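**Student:** To start, I am sharing the structure in question, which I have written as C-alpha cells.
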Amino acid sequence: MTDSYFLAGRFGAATRLSPKALRLYAEQGLLVPAHVDPITGYRYYAATQASRARLIARLRQLGLPIARIARLIDLQPDVRLTELRAWLEVQSKRLEDQRELVEAIIRQSSGGDDPLVRAVAVRDVAPSKIVYRQNHVTVDALEAFTESAETEIRGYLAQSGKSDDGPMTLHFHEPVNHDGKGLVEVAIGYDGSLEPTGDLRIRLQPAGREAFLAVAEPFETFPAVLRVYDAIEAWFEQSDDLSCFGSPYEIYPGSGSARFDVAYPIVR
C-alpha cells in the first residue's frame with residue numbers, strides 16, 4: 001500500500017472514529033475500507049475517505065441514527081444543509097417543549113403558588129345541543145384540523161338554516177403532543193333539530209359547571225398554554241369539595257378580551 005492509504009487504527013485516530021465505529025460503519029455500508037488484505041485481514045482506508053469519515057462522525061455526534069446518516073451522507077451539500085437546518089429547528093422546538101414541561105413540574109412542586117391558580121373562576125354551563133367532529137392529531141396538525149372542522153361545522157349549520165356564529169369548543173379527550181396523536185373534538189352549539197352528516201355528529205351537552213381561566217396572550221401557544229392547564233389542575237387539588245371529571249377544553253372566543261378560555265368540567 002502507498003502513503004495514500006492508512007491502516008484502520010491510524011485512519012480512525014485521524015478522523016476521531018474508534019475501531020468499533022469503523023467496523024460498524026463498514027458493516028452498514030457507510031464507510032467501506034478501500035482495501036482489505038486477503039491474507040492478514042487488515043483494513044486500509046484511502047486518504048480521500050477522510051472527509052466522509054469526519055462528516056459521519058459529526059452527524060453521529062448530533063445523535064442521528066445510522067439510517068438517517070446513510071441518507072444524508074450522499075446528498076448534495078446544499079440539500080444536506082437544508083435537511084440539517086430543518087432537523088435543528090425540530091430539535092430546538094423539542095427542547096423548548098421539554099423546558100416548559102420541566103417548568104410545569106417545578107410549578108406543581110411549589111404547592112400551587114402560581115398567581116394563575118388564584119385567578120381560576122367557576123361558572124355555570126347551560127345545557128345545549130352540539131354538532132361536533134373528532135380526529136386523532138398531533139400538536140403540529142391541531143391548528144389545521146381545528147380550522148377545517150370549524151369551517152365545516154359552521155357551513156353545515158348555515159346550510160341547515162341554523163345560527164352559525166356560536167362559540168367553538170375544542171375538547172382534548174386524549175393528550176396531544178409532537179410525538180403522538182391524541183383524540184380531539186371541535187364542537188359548536190345549535191338550537192332546534194339537526195341531523196348528523198358525514199363525519200359530523202350530534203349530542204346533548206347537559207347542564208353543569210366549569211372551572212376556567214381566560215388565557216392571556218403570552219400563554220396562547222403550545223407549550224406555554226400548558227401553564228394554564230396546570231393552574232386549573234392545581235386549583236382542583238387545593239379545593240376541598242370540587243373535583244374534575246371529563247376532558248378539558250378550550251372555548252373560542254374567550255371571556256373578556258381573551259382569544260380563548262381553558263375550562264375543566266367540575267362536580268361536587
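**Student:** State, as an integer percentage, the relative contact order of the stretch 117-247 based on alpha-carbon contacts under 8 Å between residues 6 or more apart.
**Tutor:** Across the stretch 117-247, relative contact order equals 36 percent.
**Student:** Still on this model: Identify which of Asp78, Asp230, Asp97 has the largest mean-square fluctuation in a Gaussian network model of the chain, with springs joining Cα atoms closer than 10 Å.
**Tutor:** Asp78
**Student:** With just the Cα atoms defining each centre, how far is the stretch 144-170 from the stretch 1-45? Give it in Å.
**Tutor:** 64
**Student:** Then there is this: What is the Rg over Rh value, at two decimals, for the chain, using alpha-carbon atoms and the Kirkwood definition of Rh?
**Tutor:** 1.22
**Student:** Continuing with this model, one more query. Build a GNM of the chain with springs between Cα atoms under 10 Å: which of Ala216, Ala53, Ala258 gets the top mean-square fluctuation?
**Tutor:** Maximum among the listed residues: Ala53.
**Student:** Leaving out ligands, DNA and RNA, what percent of the accessible area of the stretch 114-268 is carbon and sulfur, probe 1.4 Å?
**Tutor:** 52
**Student:** Have a look at Tyr156, Tyr5, Val184 and report the one farthest towards the positive end of the charge dipole of the chain, computed about the Cα centre with Cβ charges (Lys/Arg +1, Asp/Glu -1).
**Tutor:** Highest projection toward the positive end goes to Tyr5.
**Student:** Okay, next question. Sum -39500 (n - 2.57) across every DSSP H segment of at least 4 residues in the chain, then divide by the residue count to get the 222 nm mean residue ellipticity, nearest 500.
**Tutor:** That comes out to -13000 deg cm²/dmol.
**Student:** Rounded to whole Å and sorted largest first, list the principal axis extents of the Cα atoms in the stretch 208-266.
**Tutor:** 31, 22, 18
**Student:** Give me the number: length gained by fully extending Ala224 to Arg259, i.e. 0.36 nm times residue separation minus the C-alpha to C-alpha distance, one decimal in nm.
**Tutor:** Full extension from Ala224 to Arg259 adds 11.1 nm.
**Student:** What distance in nm separates the two pseudo spin-label positions at Ser148 and Asp165, each 7 Å out from Cα along the beta-carbon direction?
**Tutor:** It works out to 2.8 nm between the two label points.
**Student:** I would also like to ask the following. What's the extension gain from Gln98 to Leu24 if we count 0.36 nm per residue and subtract their Cα-Cα distance?
**Tutor:** Using 0.36 nm per residue and subtracting the Cα-Cα distance, I get 23.4 nm.
**Student:** So between Ser51 and Val36, what do we pick up on full extension, going 0.36 nm a residue minus the alpha carbon distance?
**Tutor:** Additional length available on full extension: 3.4 nm.
**Student:** For Leu7 paired with Arg80, estimate the spin-label separation in nm (one decimal), with each label point 7 Å from Cα along the Cα-to-Cβ line.
**Tutor:** A separation of 2.9 nm, rounded to one decimal place.
**Student:** Please state the charge dipole magnitude for the chain, taken about the Cα centre, from unit charges on C-beta atoms (+1 on K and R, -1 on D and E), reported in debye and rounded to the nearest 20.
**Tutor:** 1640
**Student:** Please compute the modelled spin-label separation between Arg16 and Glu195, points set 7 Å along Cα→Cβ, answer in nm with one decimal.
**Tutor:** 6.9
**Student:** Report relative contact order for the chain in percent, whole number only (criteria: Cα-Cα under 8 Å, sequence separation at least 6).
**Tutor:** 17
**Student:** What longest region of the chain stays clear of chymotrypsin sites (Phe, Trp or Tyr not before Pro) that DSSP places outside H, G, I, E and B and that have at most 15 other Cβ atoms within 10 Å?
**Tutor:** No qualifying site falls inside 43-244, the longest such stretch.
**Student:** What is the stretch 200-267's relative contact order, in percent, from Cα pairs under 8 angstrom and six or more apart in sequence?
**Tutor:** Contact order relative to length: 41 percent.
**Student:** Top mean-square fluctuation among Arg154, Arg71, Arg94, Gaussian network model of the chain, C-alpha springs under 10 Å?
**Tutor:** The residue with the greatest mean-square fluctuation here is Arg71.
**Student:** Report, in debye and to the nearest 20, how large the dipole of the stretch 1-135 comes out about its Cα centre when Lys and Arg carry +1 and Asp and Glu carry -1 on their Cβ.
**Tutor:** 180
**Student:** Over the stretch 151-203, with a single point scatterer placed on each C-alpha, what log10 of the ratio I(q)/I(0) does the Debye formula yield at q = 0.13, 0.15, 0.18, 0.19 1/Å?
**Tutor:** -0.38, -0.48, -0.64, -0.70
**Student:** Per residue, how much accessible area does the chain show when a 1.4 Å probe rolls over the protein heavy atoms, in square angstrom?
**Tutor:** That works out to 58 Å² for each residue.
The values are calculated or read from the model by the stated rules, or taken from the named source; none is laboratory data. Predicted model only: the values in this text are computed from it and were never measured. Heads up, the Cβs are rebuilt from the backbone with ideal geometry, glycines too, and the neighbour counts pull from every protein chain shown. The area values use the complete protein model at the heavy-atom level, side chains included, leaving out ligands, DNA and RNA. Shrake-Rupley method; radii C 1.70, N 1.55, O 1.52, S 1.80 Å.
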